[in-house]
Amino acid sequence: MNRDAALELIKEVLADVVPGADPTALSPEENFRDTLEMDSLDFLNLVEALSGRTGLPLPEADYPSLNTLNGCADYIASHTSPA
Amino acid sequence: MAEFTMPSLGADMEEGTLVEWLVSPGETVTKGDVVAVVETAKSTIEVECFDSGTISALLVEPGTTVPVGTPMASIDSAVAPPARPAAKQPVTPAPAPPPDLQPVPGRPLTRTERAVSTPLVRHLAEEKGIDLSTVHGSGRGGRITRSDVEHAPTEPPPRLRASPLARRLAQSMGVDLGGLRGTGRNGTIRADDVRAAAVDHLPREAEPREPVEKPVLASPAESAPGARAAIAALMTRAKREIPHYYLSTKVDLAAAMAWMRDQNTGRPVAQRLVPVALLLKAVALAARQVPELNGHWKDDAFVPANGVRLGIAVSLRGGGLTAPALADADTMPLPELMAALRDLVSRARGGRLRASETTDPTLTVTNLGDQGVEAVFGVIYPPQVALVGLGRVIEQPVAVNGMLTVHPTVTATLSADHRASDGATGARFLTAIERLLQRPEDL
């Protein structure tokens, strides 16, 4: 998956996991867990959805890379084959 | 003949509003079926019935607010379930409710409606989308009978079935409910259907976005003002009646977090644990070990509870708070507790709790750790006698065997009712939590 597609995907999943959130208003380096007031269960829902959509296992040790739009996009782009 | 009454969905609930019926007269119900959606000052709740049989009459119309205990439907338990499905007509003629049971309608009735129709007829008319003022009454004194409504020409627009949350979402997302196909019971449109539709619209409508800066999160002003008032009333009562005392302890989570990481390794995301699941299990086990804190204060005495029903304080998006009960938290294995917690929280936020989950937790836990605070000293939910507060899991310097090191820790607090327990009891409880978390494999 290329980086742009990954970015779109994460925004889509965020909007789904946090009803009422507008991910397009997030800045790329902002910690969205804080901004969107996500608790650990919300975050797990996000990771689960991302894992389901990308097929990546997303181990717990990598959670810290998944706190920002840029972080997620970079992670997904670098762990999937470009399509 | 059994009655389905407005249930008490919490110690502070005096009345509720019927939002919608999920059953119609003639339908067969089994004990535990969700039959209605009720809105309280705090949330919207799916209500189960406690009897099996056939719905013989719906006595209250959607939109009506009635006190707790008011009969809302009658269930004919003697009638055997009909063999054929979808029996839409009542098996026995539905009696009109006695005058004192006449619901207070949500919308003022026109004189015609009031004078010439019964609630049942009005409900039927509403269901079929018929304007009663256009129906000729063939009954005594021009009364409109059920048969009049049944034979009236129906107008094409059928009543749209959608959950309250779906309606709110549709409004805020600009989705036309009329164009959606519902995946819920009887084709009811659910919130997920609306979200799916909104996502479908996104790519096409992404561009024409107004340049005005919009908030990233929806504003709290959207939540019902009644919810604030309900919390205000309950918390005022708690602080007026309950002499609170407070204790706090810092718990070393090194063992628990290492064990959890180990458990989560190699597991698919859906089966992973989060720290709060371990903490809740420890709290539930501690409540069993120190039963003086698990129960209710009733009639000037403490009544210990059978079993642990943990109230989980869930902050709602857009403001507000609800504390549904997680039953059997002390006996449930950890993976099950984790799954139950995820389900409960997502439904609490989605506005669809079940009645059995809103009644009488025996001890409530508030977890503000995810909001970044280290410790929370909460207010007890009457008639409970204690509230446990969990803060954020943070890396902190700790001394281990005389050496300074850094471990994940959490601050656990206890607010307790001094009428029901003393500080020594509270201390025993917090110490139990601390000890249980040192042996995560036994949780």
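The values are calculated or read from the model by the stated rules, or taken from the named source; none is laboratory data. Just so you know, these numbers come straight off a predicted model, no measurement behind them. So basically every Cβ, Gly included, is an ideal-geometry build from the backbone, and we count neighbours across all protein chains shown. Quick note on the areas: whole protein, heavy atoms, side chains included, nothing else; ligands and nucleic acids left out. Shrake-Rupley method; radii C 1.70, N 1.55, O 1.52, S 1.80 Å.
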Mind listing just one residue for me: the one in the stretch B:57-77 that is aliphatic (A, V, I, L, M), under 17 Å from B:Ser8 (Cβ atoms) and in a loop (DSSP other than H, G, I, E, B) and, of those, most open to solvent (accessible area, probe 1.4 Å)? B:Val68
Determine which single condition B:Gln384 fails, assuming it passes every other condition in (1) within 23 Å of B:Ile45 (Cβ to Cβ); (2) within 14 Å of chain A (Cβ to nearest Cβ). (2)
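Give the number of residues within the stretch B:7-22 that are modelled with pLDDT of 85 or more and either more than 22 Å from B:Leu321 (Cα to Cα) or open to solvent by 50 Å² or more (accessible area, probe 1.4 Å) (or both).
4
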Odd one out for A:Arg3, checked against (1) out of contact with any Lys or Arg (no Cβ under 6 Å at 6 or more places or on another chain); (2) more than 13 Å from chain B (Cβ to nearest Cβ); (3) buried (at least 18 other Cβ atoms within 10 Å of the Cβ): (3)
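Table: residues versus (1) outside any strand (DSSP E or B); (2) closer than 25 Å to B:Ala238 by Cα; (3) open to solvent by 60 Å² or more (accessible area, probe 1.4 Å).
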{"position": "B:Ala375", "(1), (2), (3)": "yes, yes, no"}
{"position": "B:Ile380", "(1), (2), (3)": "yes, yes, no"}
{"position": "B:Val388", "(1), (2), (3)": "no, yes, no"}
{"position": "B:Pro397", "(1), (2), (3)": "no, no, yes"}
{"position": "B:Pro408", "(1), (2), (3)": "no, no, no"}
{"position": "B:Thr411", "(1), (2), (3)": "no, yes, no"}
Output yes when any residue across the stretch B:418-432 is assigned by TED's automatic domain parsing to the domain that holds B:Val303, part of a strand (DSSP E or B) and hydrophobic (A, V, I, L, M, F, W, C), and no when none is. no
Among the residues of the stretch B:294-311, are any within 23 Å of B:Ala233 (Cα to Cα), within 14 Å of chain A (Cβ to nearest Cβ) and in contact with a Ser or Thr (Cβ under 7 Å, 6 or more places away or on another chain)? no
Flagged in the stretch B:6-22 as part of a strand (DSSP E or B) and acidic (Asp, Glu), in numbering order, are B:Glu15, B:Glu20
Of the residues in the stretch A:52-69 that are surrounded by fewer than 17 Cβ atoms within 10 Å (Cβ to Cβ) and at the interface with another protein chain (Cβ under 9 Å from one of its Cβ atoms), the one that is nearest to B:Asn264 (Cα to Cα) is A:Pro59
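Only residues that are open to solvent by less than 20 Å² (accessible area, probe 1.4 Å) and either within 13 Å of chain A (Cβ to nearest Cβ) or in contact (Cβ under 8 Å) with a residue 60 or more places away in the chain (or both): list them for the stretch B:327-349, please. So that I can check it myself, show each step before the final result.
Filtering the stretch B:327-349 down to residues open to solvent by less than 20 Å² (accessible area, probe 1.4 Å) leaves B:329-330, B:334, B:337-338, B:341, B:344-345, B:348.
Result: B:Leu334, B:Leu337, B:Met338, B:Leu341, B:Leu344, B:Val345, B:Ala348.
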Report every pair of residues separated by at least 6 positions or lying on different chains whose Cβ atoms are under 9 Å apart, first residue within the stretch B:4-20 and in contact (Cβ under 8 Å) with a residue 12 or more places away in the chain, second assigned to a strand (DSSP E or B) and among the acidic types (Asp, Glu). B:Met6/B:Glu15; B:Pro7/B:Glu48; B:Gly16/B:Glu39; B:Thr17/B:Glu39; B:Leu18/B:Glu39; B:Val19/B:Glu39
Criterion first (within 25 Å of B:Val194 (Cβ to Cβ), modelled with pLDDT under 95 and within 13 Å of another protein chain (Cβ to nearest Cβ)) does A:Asp34 satisfy it? no
Please verify whether A:Ser27 is small (Gly, Ala, Ser) and within 13 Å of another protein chain (Cβ to nearest Cβ), treating the condition exactly as stated. yes
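For every residue, the table says whether it meets (1) under 20 Å from B:Gly182 (Cβ atoms); (2) modelled with pLDDT under 85; (3) surrounded by fewer than 19 Cβ atoms within 10 Å (Cβ to Cβ).
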| position | (1), (2), (3) |
| --- | --- |
| B:Ser24 | yes, no, yes |
| B:Val29 | no, no, no |
| B:Thr40 | no, yes, no |
| B:Ser43 | no, yes, no |
| B:Phe50 | no, yes, yes |
Which number in (1) touching a helix residue (DSSP H, G or I) at 6+ places or on another chain (Cβ under 8 Å); (2) touching a residue at least 24 places away in the same chain (Cβ under 8 Å) marks the one condition that A:Gly20 misses? (2)
When restricted to B:Ala255, B:Ala229, B:Ala284, the only residue crowded, with 20+ Cβ neighbours inside 10 Å and either assigned to a helix (DSSP H, G or I) or within 14 Å of another protein chain (Cβ to nearest Cβ) (or both) is B:Ala284
Which of the helices (runs of 4 or more DSSP H) contained wholly in chain A include at least 2 residues that are farther than 21 Å from B:Asp192 by Cα and within 11 Å of the chain's Cα centre (by Cα)? A:3-17, A:32-35, A:69-79
On the basis of being open to solvent by less than 50 Å² (accessible area, probe 1.4 Å) and under 29 Å from the mean Cα position of the chain (by Cα), does B:Ala416 make the cut? yes
All but one of (1) surrounded by fewer than 24 Cβ atoms within 10 Å (Cβ to Cβ); (2) part of a strand (DSSP E or B); (3) under 13 Å from the mean Cα position of the chain (by Cα) hold for B:Thr54; state the number of the condition that does not hold. (3)
